[in-house]
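Accompanying notes for the structure given below.
The values are calculated or read from the model by the stated rules, or taken from the named source; none is laboratory data. Since the model is a prediction, treat every value here as computed from it, not as a measurement. Every residue, glycine among them, receives a Cβ derived from its backbone with ideal geometry; neighbour counts consider all protein chains shown. For accessibility, only protein heavy atoms count, side chains too; no ligands or nucleic acids. Shrake-Rupley method; radii C 1.70, N 1.55, O 1.52, S 1.80 Å.
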Amino acid sequence: MLMADDARRWLQDLPIRLPDRLKWHLTAVAREDVKLAKDSTLWLHEIHGDPITGRDKREARLEIYTDDLDNNPEEEEPDYTVEIGQPVSHMMPRDYLAGLSQVEFNITTKIHKNAFVALRWEIHAIHSQPLFGVPATNKDVNLSGMTLLRFEQTTNPDGSRVYTAKDEWTYWDLPALLEQIGATP
Amino acid sequence: MKLFGRKKAKTDEDEPFDPESDEGIIGYYHKYVSLAETEYVKFVSAHLARLHEPGGVAREKRENDFIELGMPRTYLEALDEVEFAVVDAVPDAATRGRARGKGHFVTRWTVSGVHNRPLAGLAPSGQRVTIEGATFTTLRDYRIRTEYTYWQLPELTRRVLER
């Protein structure tokens, strides 16, 4: 079986246990990417008509563990905001939404690194409206795909930072959807 | 304090740094991780390129034993004179502790080929077409384990969405 040996040679020189200052640095760097991934997840859920409800874990912790929170540096307010808005879409439009209802949208895998977020998702919905020239069949359909978002950081005159989604690539399994609803190309 | 137990050979391209300072340790770590991620990207890109060679899928499955998910690569059966190119690759490799060897990689690519056989319900056109796609690759223990591939044929998308 082929291995990424060249990558392994570089990583094997790193110590297993990292110094605390390096760990704190990596945690701080990762925190921003995690927030981008969270906001991207919420945005995609909203678009698909299946918004995430319920409180954020942080808000629940604020209410329950108020005393401990005063000394917890992890709970500091971030000094940046995230705006997703209308990124430039480079790939397939989400025209499947026009014909589907009762959408259950799930993100199955996500990665977030260096202001780039990739989300693999699956949809379970009902074909209840005309879609791609096919009248409503009221059948269950399953669709999977992937959305990639690239963010750009800018700094406002007051020093606050903003991450703005610049580019978006969405790919989804069009042939499988056509097969499920009985459409022909 | 010696962070690593061996001496590093100095080269002209190395920037001077102090491994005892915060910057030194952090810069050193990021340098190694960056080098590792570059190698990871090369490894995954080479694997994807081999997949698009004639007989490549069967050969790679034999040598790598990975699970192929997402959309099947039916375009390989429909196109001739296939040319594969990586547009962009984003690595997210685990580098801390025992998670080393794991990683997720997203690769955006294009495949062009002569459309000589039916593809996704479209009759062969005999023209060179370009397919754009992305692959989500997962590595465990430095080996490719799963791959999710999604692609689109612009002509098919255009015809369906224009209805």
Handout entry: Selection from region B:40-95 of residues that are touching a helix residue (DSSP H, G or I) at 6+ places or on another chain (Cβ under 9 Å) and polar (S, T, N, Q)
Key = B:ASN64, B:THR74, B:THR95
Practice task
Having 3 or more residues that are aliphatic (A, V, I, L, M) is the bar; report the strands (runs of 3 or more DSSP E) wholly within region B:34-141 that clear it.
Solution key: B:79-93, B:103-115, B:128-140
Exercise for the section: Can you give me the number of residues within region A:44-55 that are more than 14 Å from the chain's Cα centre (by Cα) and either in a helix (DSSP H, G or I) or at pLDDT below 70 (or both)? Expected result: 1
Handout entry: Residues satisfying the stated conditions in region B:42-65, i.e. in contact (Cβ under 8 Å) with a residue 40 or more places away in the chain and more than 9 Å from chain A (Cβ to nearest Cβ)
Key = B:SER45, B:LEU48, B:HIS52
Exercise for the section: Would you be able to say whether some residue in region B:77-87 is within 12 Å of chain A (Cβ to nearest Cβ) and within 16 Å of B:VAL44 (Cβ to Cβ)? Expected result: yes
Completion exercise
The number of residues in region A:150-185 that are within 11 Å of chain B (Cβ to nearest Cβ), part of a strand (DSSP E or B), in contact with a Leu (Cβ under 9 Å, 6 or more places away or on another chain) and not aromatic (Phe, Trp, Tyr) is 2
Problem - Extreme residue, farthest from A:GLU32 (Cα to Cα), among residues of region A:96-106 that are open to solvent by 40 Å² or more (accessible area, probe 1.4 Å) and out of contact with any Pro (no Cβ under 9 Å at 6 or more places or on another chain) - result: A:GLN102
Exercise for the section: Could you grab me the full set of residues in region A:1-52 that are polar (S, T, N, Q) and either open to solvent by less than 60 Å² (accessible area, probe 1.4 Å) or facing chain B (nearest Cβ under 7 Å) (or both)? Expected result: A:THR27, A:SER40, A:THR41
Problem - Unique match (being open to solvent by less than 60 Å² (accessible area, probe 1.4 Å), modelled with pLDDT of 90 or more, facing chain A (nearest Cβ under 9 Å) and under 23 Å from B:LYS102 (Cα atoms)) among B:GLU39, B:GLU68 - result: B:GLU39
Completion exercise
Counting only residues that are more than 11 Å from chain B (Cβ to nearest Cβ) and open to solvent by 70 Å² or more (accessible area, probe 1.4 Å), region A:122-149 contains a total of 6
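Is it the case that A:ASN142 is out of contact with any helix residue (DSSP H, G or I) (no Cβ under 6 Å at 6 or more places or on another chain) and assigned to a strand (DSSP E or B)? Can you show your working first?
Details: out of contact with any helix residue (DSSP H, G or I) (no Cβ under 6 Å at 6 or more places or on another chain): yes; assigned to a strand (DSSP E or B): yes.
In short, yes.
Filter region B:131-163 down to the residues that are among the hydroxyl-bearing types (Ser, Thr, Tyr) and either within 7 Å of chain A (Cβ to nearest Cβ) or open to solvent by 10 Å² or more (accessible area, probe 1.4 Å) (or both) and list them by number. Walk me through how you get there before you give the answer.
Just the residues of region B:131-163 that are among the hydroxyl-bearing types (Ser, Thr, Tyr), to begin with: B:135, B:137-138, B:142, B:146, B:148-150, B:157.
Selection gives B:THR138, B:TYR142, B:THR146, B:TYR148, B:TYR150, B:THR157.
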Practice task
For B:THR74, work out the one condition from (1) at the interface with chain A (Cβ under 10 Å from one of its Cβ atoms); (2) out of contact with any His (no Cβ under 7 Å at 6 or more places or on another chain); (3) free of Cβ contacts under 8 Å to residues at least 40 places away in the same chain it doesn't fulfil.
Solution key: (3)
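Quick one: would you say A:GLU83 is among the acidic types (Asp, Glu), within 14 Å of the chain's Cα centre (by Cα) and modelled with pLDDT of 90 or more? Break it down into steps so the answer makes sense when it comes.
Values: among the acidic types (Asp, Glu): yes; within 14 Å of the chain's Cα centre (by Cα): yes; modelled with pLDDT of 90 or more: no.
Considered against the rule, which asks whether it is among the acidic types (Asp, Glu), within 14 Å of the chain's Cα centre (by Cα) and modelled with pLDDT of 90 or more, A:GLU83 comes out as no.
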